[in-house]
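S.K.: Take this structure, written in structure tokens, and hold onto it; I'll ask about it next.
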Amino acid sequence: MHTIPTPRMGGLGMLIGFAVATVFASRLPFLSGLFNGNYQMWVILAGGIMISLLGMADDLWDLDWMLKLAGQLLISVFVAWGGLQIISLPLGGSLITASPSLSMAITAFLIVASINAVNFVDGLDGLAAGIVAIGGIAFAAYSYIIARSSPSYASLATLIDVMMVGICVGFLLHNWHPAKLFMGDSGSMLLGYLITCASIVMTGRLDPASIHASIYLPVFMPILLPILVLFLPVLDMCLAIVRRLAKGQSPMHPDRMHLHHRMLKIGHSVRGAVLILWGWAALIAFGSLTILFFKAQHVAVGMPIAVVVLTIATMYPYLRHRIPEIQAENLTLESARKNAQHATVKSQSAVGESRDSIGSQAADSMTDSPADSRDSQAGEVQDPAADK
């Protein structure tokens, strides 16, 4: 959507920021216990470096989509093999322990899906970074609530969320419209990877023996958490894949039919479209958390009101331009209908006058014919007499 050449290696800066923050956190006394004897955070950092390098290669050389997808899958399997797995699954109102192979498969699928979802939605200045930051704040809030039940409030999931939100906010300073820097695939893939890693760390290891499932399942389910927070990117990704496959194109074939493109098409500015999409992301991301802080009755009233407000804001430019057009079209149609009715009346009147003229001529003809016939017959009778 940009009109001038813009650097697109912002993802490299985001990766460096995350790596420096990780090393710094490992030296803090409050958080050092998360790193002692636990290599999970270092595995996540290694996976982040690899996924960013893959994105940089795609930015530089435009990799084939199948090659890029294969690289994403391999990195996801590596991270799952390194210990980042969804151990517990919600099923039948309780939490059950999944087999290692199933855990690795589900983990890899979620990581790859989230990576591509954020990559697909990265089409406007500040959109992807803002949506991921909103999701990270929602994750951090919930992971902090869970961490309060432990002796130490230190939580690896909260740490990842805070660092991820930090690199998003820092990047937004350079990416707000008009952007001076793009994150590229190296940044969008890194954000999709990190937000899923944080959700898996936070929800993938709920102990079925020590935590009653009824406390957590009504709020959200570990398998659906990345989809809830990344609902807009995931929806956009699914629509794009279906749309492209229906046209016989590659699922990664670029087009301008994404949700953010449609927002611009109906009349939103770039900043307006980004802010409204942020609002939808916040509504969906925090929707499952509001039940923890407010009564269910208040949530049941507040959520529909927020949906109505955002819907009006989303459709306002379209309605502002479309309603006058509809009114003008209605006036044109009404005028055409009246003209057609007037023409029909005139045509019927002309037809009636023509019929009256034909009828009068026929009547005159019928009146004159008998007399002429009688005169002719009388002449014929008199002629013989005249001859005599």
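S.K.: In the stretch 30-53, how many are over 28 Å from G71 (Cβ atoms) and touching a residue at least 60 places away in the same chain (Cβ under 8 Å)?
M.R.: Total meeting the criteria: 4.
S.K.: If you don't mind, there's one more thing I want to ask. Let me spell it out: the conditions are (1) at pLDDT below 75; (2) farther than 18 Å from N116 by Cβ; (3) in a helix (DSSP H, G or I), and P218 meets all of them except one. Which number is the exception?
M.R.: (3)
S.K.: Let me ask another. Consider the stretch 34-78. How many of its residues are surrounded by fewer than 16 Cβ atoms within 10 Å (Cβ to Cβ) and among the polar types (S, T, N, Q)?
M.R.: Here the count works out to 2.
S.K.: Based on what the data block shows, is L289 within 30 Å of L124 (Cβ to Cβ), in contact with a Phe, Trp or Tyr (Cβ under 8 Å, 6 or more places away or on another chain) and modelled with pLDDT under 80?
M.R.: Criteria met by L289.
S.K.: Can you tell me which residue within the stretch 119-136, out of those that are at pLDDT below 90 and under 15 Å from M164 (Cα atoms), is surrounded by the most Cβ atoms within 10 Å (Cβ to Cβ)?
M.R.: That would be G135.
S.K.: What single numbered condition from (1) among the hydrophobic types (A, V, I, L, M, F, W, C); (2) modelled with pLDDT under 95; (3) under 30 Å from K265 (Cβ atoms) fails to hold for F30?
M.R.: Exception for F30: condition (3).
S.K.: Moving on. Being surrounded by fewer than 24 Cβ atoms within 10 Å (Cβ to Cβ), over 14 Å from I87 (Cβ atoms) and modelled with pLDDT of 80 or more is the requirement here; does L194 meet it?
M.R.: No: the conditions fail for L194.
S.K.: In addition: So, in the stretch 1-33, of the ones that are more than 16 Å from A46 (Cα to Cα) and of a type in the set (S, T, Y), which residue ends up surrounded by the fewest Cβ atoms within 10 Å (Cβ to Cβ)?
M.R.: Per the criteria, the residue is T3.
The values are calculated or read from the model by the stated rules, or taken from the named source; none is laboratory data. Quick caveat, the model's predicted, so the values are computed rather than measured. Heads up, the Cβs are rebuilt from the backbone with ideal geometry, glycines too, and the neighbour counts pull from every protein chain shown.
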